[in-house]
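Input: a single structure, listed below in structure tokens.
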Amino acid sequence: MTAALRFDPIRLPEKCEQLRKEVRAFLAEEIAAGTFDPNKPNREDTDAPEFSRRVGAKGWLGMTWPKKYGGQERSFLERYVVTEEMRVANAPTRRFFVADRQSGPVLLKYAPEHIKMEILPRICRGEICFAIGMSEPNSGSDLFAAKTRATKTDGGYLINGTKIWTSSAHIADYMIAIFRTSPPTKENRRHGLTQFLVKMKQPGIKVNPIGQITGQYEFNEVVFTDHFIPDDHVLGEVDGAWKQATSELAYERSGPERFLETYYVLTELVRAVGPNPDTRSAEGIGRLVAQLHTMRRMSVSVAGMLQAGKEPVVEASIVKDIGTVWEQQLPHRVRDLAAFVEETATNRETLERQLDFAIKTAPKLTIQGGTTEVLRGIIARGLGLR
Amino acid sequence: MAESDNIVVETAEKIFADLADPQTINNDKNNSWQAPLWQALSEAGLPLAWVPDDLGGSGASLADGFALLNAAGRFAVAVPLAETMLAGWLLAQAGIAAPEGEMTIVPASPKDRITLDADGALSGRARGVPFAKAAKHFAVLAHGKDGAVIALVDASKGRIESGLNVGYDHSDTVTLDKVQPITIKPAPEGFEQTNLMLMGGVARSLQIAGALEAMLDISVRYSNERVAFEKKISKFQAVQHNLARLAGESAAALAAATSAADAIANAKSFNDEVYLEAASAKIRCAEAAEKGGSIAHQVHGAIGFTMEHILHRYSLRALAWRDDFGSESHWAVELGKLVATRGADELWPLVASR
Ligand SMILES: Cc1cc2nc3c(=O)[nH]c(=O)nc-3n(C[C@H](O)[C@H](O)[C@H](O)COP(=O)(O)OP(=O)(O)OC[C@H]3O[C@@H](n4cnc5c(N)ncnc54)[C@H](O)[C@@H]3O)c2cc1C
């Protein structure tokens with residue numbers, strides 16, 4: 001078989017189960033203390049700095065990184081467990097999640113030593129927030145159309161242009177961004193982009209909030225006007241960012257956050273139908289649980305591949321494609337089934353409020369982090385079609 | 001599941017490749033390939049893989065047997081290999097030695113019941129029993145007043161009404177009318193018909209996953225050969241995206257099926273976690289058979305809709321396998337009830353239990 005993709009049935013080791021208990025206990029305490037309400041996914045949680053610090057103090061940020069940078073040298077599977085418990089509890093993770101998942105690993109790989117020593121321990125302590133500066137007004141899926149310029153000057157670069165859709169830029173301390181350092185070449189239109197570490201809240205950076213259809217503010221436009229970035233903030237190879245950007249994708253695409261964003265409506269539906277569901281509700285719930293279980297097994301399997309040092313780009317893309325399509329459909333399927341819930345269900349209002357929010361959230365799920373169409377292109381390449 | 005480092009699977013794949021190459025089978029209108037294939041499989045001890053040595057089998061592990069079923073799915077093998085393996089496994093649960101030759105399982109649907117009468121005879125009707133017509137013996141799970149029993153029955157004692165499933169394989173109705181079994185023993189403590197149905201369902205899931213792997217493979221190959229509008233059709237983005245979705249369905253089926261197989265192979269009992277795994281596998285693999293199969297046909301165009309092309313041997317069989325040992329609707333209802341009984345706050349702990 002040439003095209004077969006294997007997802008070995010990895011089991012989470014015993015120490016993960018221990019850790020899971022610790023995370024659940026911690027989250028239960030936070031909920032009891034009123035830090036957040038797990039039944040209200042639609043709150044504004046952009047600013048939960050104290051919660052971030054407490055998660056950091058537990059050693060649950062930068063878990064897989066070297067100890068000298070503040071990490072714990074634990075496995076991807078342990079990090080996986082922490083991520084999924086946080087997601088399922090609807091914990092306010094936005095402030096630290098991007099740094100933990102993506103920015104930290106990029107710095108570990110490409111930043112100069114003194115920058116790693118300065119920044120990574122602060123990520124691990126939950127003190128700082130990162131944003132990702134890839135998209136531009138005329139460059140989303142087609143990353144290589146990015147135009148924001150980094151012009152060489154004495155001791156660094158001057159940045160001019162606009163990034164857009166930048167999640168959390170309004171609260172971020174840093175951004176990892178790609179800027180154009182040279183024009184693309186005839187042979188390689190991917191040439192000429194460079195990755196930079198940007199310190200936010202500096203002269204020459206203006207952040208303009210953009211509202212989302214959920215009623216929340218998460219997106220921003222970030223305008224750079226002669227913003228100066230020193231030489232030692234270049235990450236990796238000048239003009240070679242495309243190689244760096246693509247190798248990180250497996251981490252971004254296969255985690256539990258790629259199918260659990262609307263999960264809460266499923267729990268709430270089970271609560272609403274009660275212990276003796278009618279046949280239609282039982283069947284609907286059974287199918288959704290089977291689909292969820294299957295995706296999770298695939299996602300855990302990819303975490304196992306990452307742990308084993310592989311680069312499962314195609315497998316991760318498959319998990320994100322199936323996972324995001326599922327989490328996008330989930331609120332609509334739950335809505336179908338909720339039509340049969342008794343008027344007297346005690347959590348009826350909670351379920352309706354959650355559905356309202358999840359249905360508004362759904363359209364973005366197959367866009368963020370690379371669209372379905374782009375992912376399917378990557379899978380097709382993996383199948384040898386292009 | 002590992003392909004290369006598994007001796008059981010290697011042996012089976014070699015036999016399938018030699019004697020059950022789908023193209024050859026497809027061109028053979030008299031099914032004359034079946035006898036030599038069955039003989040080779042039997043000589044290699046594969047149909048009784050799950051029967052311990054002391055009961056006349058080859059004593060392979062559950063894990064190896066499951067891998068073998070996945071390989072059988074990749075070749076869409078139309079002999080009662082899975083059925084005989086399951087029958088041998090069922091008999092072994094009660095310490096009953098397995099006879100030689102083809103066997104099948106009665107009942108093969110969760111809704112059908114065979115009962116044990118006071119005089120030790122078996123009665124009842126079972127529909128959709130795969131390969132009942134080809135079987136020399138039935139492994140029967142029946143219910144008596146003291147609980148479940150497992151019996152070995154001479155197939156000629158049953159009344160068989162022939163039927164064909166969607167995949168053109170025998171799927172028959174078996175009626176037992178006061179039939180005296182050859183051997184009958186109590187099922188082990190706690191063993192119920194549900195266990196048998198889950199086990200059968202996982203076997204079918206692995207076969208479906210195998211068939212989808214094969215469909216992905218031939219669809220990718222076909223798209224790289226077929227030319228339209230002066231291009232290989234694999235160069236059209238719409239076709240690429242369809243194949244990417246097929247790859248996703250194939251991967252999901254394989255992941256669900258191998259995960260459930262692994263769960264059963266390592267579990268001490270059929271607890272809730274195993275139930276989740278096995279029921280989910282049957283549900284998700286059946287959904288994948290529907291979605292994946294239709295994409296494979298789409299990619300092949302009209303040629304794939306002909307009896308001359310091998311595609312239908314995989315696609316129709318994968319669709320047919322959905323119905324055995326409980327359809328996806330059946331298991332979805334049961335799984336939904338299990339989840340509801342455990343309660344909302346126990347859903348995530350169940351999903352995250354493995
Ligand atoms: C909630 C959310 C948060 C985000 N956060 C960030 C962030 O923090 N930082 C950041 O940099 N970006 C962020 N993004 C932007 C995101 O990465 C882009 O939206 C995405 O890459 C798509 O780009 P686009 O919006 O420009 O759409 P376009 O690229 O214009 O695409 C529009 C449509 O055309 C399709 N299309 C485009 N090219 C092709 C092709 N070659 N083949 C087939 N179809 C194609 C797309 O799939 C899509 O359906 C975020 C987006 C969302 C929704």
Inset, instruction - Filter the range A:213-247 for residues that are surrounded by fewer than 16 Cβ atoms within 10 Å (Cβ to Cβ) and within 16 Å of the ligand (Cβ to nearest atom) and give the result. - result: A:Ile213, A:Gly215, A:Tyr217, A:Thr246
Legend entry - Candidates A:Ala111, A:Ala89, filtered to the one that is more than 16 Å from the ligand (Cβ to nearest atom), small (Gly, Ala, Ser) and farther than 17 Å from A:Asp173 by Cα: A:Ala89
Inset, instruction - Could you list, in sequence order, all residues of the range B:22-35 that are touching a residue at least 40 places away in the same chain (Cβ under 8 Å) and surrounded by 12 or more Cβ atoms within 10 Å (Cβ to Cβ)? - result: B:Pro22, B:Ile25, B:Asn26, B:Gln34
Inset, instruction - Test A:Ile31 against the stated conditions and say whether it is within 14 Å of chain B (Cβ to nearest Cβ) and among the β-branched types (Val, Ile, Thr). - result: yes
Legend entry - B:Ala151 vs. criteria small (Gly, Ala, Ser) and more than 19 Å from B:His137 (Cβ to Cβ): no
Legend entry - Residue match in the range A:301-316 (condition: within 16 Å of the ligand (Cβ to nearest atom), away from every other protein chain (no Cβ under 14 Å) and surrounded by fewer than 22 Cβ atoms within 10 Å (Cβ to Cβ)): no
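Per-residue answers, yes or no, for (1) within 12 Å of another protein chain (Cβ to nearest Cβ); (2) crowded, with 22+ Cβ neighbours inside 10 Å:
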residue: B:Ala238; (1), (2): yes, no
residue: B:Leu246; (1), (2): yes, yes
residue: B:Ala265; (1), (2): yes, no
residue: B:Lys268; (1), (2): no, no
residue: B:Tyr275; (1), (2): yes, no
Inset, instruction - Report, by residue number, each residue of the range A:172-202 that is within 12 Å of the ligand (Cβ to nearest atom) and either part of a loop (DSSP other than H, G, I, E, B) or at pLDDT below 95 (or both). - result: A:Ala172
Inset, instruction - Mind listing whichever residues of the range A:356-381 are within 12 Å of the ligand (Cβ to nearest atom), crowded, with 19+ Cβ neighbours inside 10 Å and closer than 14 Å to A:Pro41 by Cβ? - result: A:Thr361, A:Ala362, A:Leu365
Legend entry - In the range B:56-74, the residues that are more than 26 Å from B:Glu189 (Cβ to Cβ), within 13 Å of the chain's Cα centre (by Cα) and not aliphatic (A, V, I, L, M): B:Asn70, B:Gly73, B:Arg74
Legend entry - Where a residue in the range A:108-128 is closer than 19 Å to A:Thr194 by Cβ and its partner, wherever it lies, is at pLDDT below 95, with Cβ under 8 Å and at least six apart: A:Lys109/A:Gln244; A:Tyr110/A:Gln244
Inset, instruction - Report yes if A:Arg335 is more than 16 Å from the ligand (Cβ to nearest atom), surrounded by fewer than 23 Cβ atoms within 10 Å (Cβ to Cβ) and touching a residue at least 40 places away in the same chain (Cβ under 8 Å), otherwise no. - result: no
Inset, instruction - Could you pull out the residue among B:Ala142, B:Ala76, B:Ala87 that is buried (at least 22 other Cβ atoms within 10 Å of the Cβ) and part of a strand (DSSP E or B)? - result: B:Ala142
Inset, instruction - Give B:Arg221, B:Arg284 a once-over and let me know the one that is touching a helix residue (DSSP H, G or I) at 6+ places or on another chain (Cβ under 9 Å) and either among the basic types (Lys, Arg) or surrounded by fewer than 24 Cβ atoms within 10 Å (Cβ to Cβ) (or both). - result: B:Arg284
Inset, instruction - Please specify each residue of the range A:144-155 satisfying the condition of being surrounded by fewer than 17 Cβ atoms within 10 Å (Cβ to Cβ) and either away from the ligand (no atom under 15 Å from the Cβ) or at positive phi (or both). - result: A:Arg149, A:Thr151, A:Lys152, A:Thr153, A:Asp154, A:Gly155
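The values are calculated or read from the model by the stated rules, or taken from the named source; none is laboratory data. The structure displayed is predicted, hence computed values, not measured ones. We place every Cβ from the backbone using ideal geometry, glycine too, and count neighbours over all the protein chains shown.
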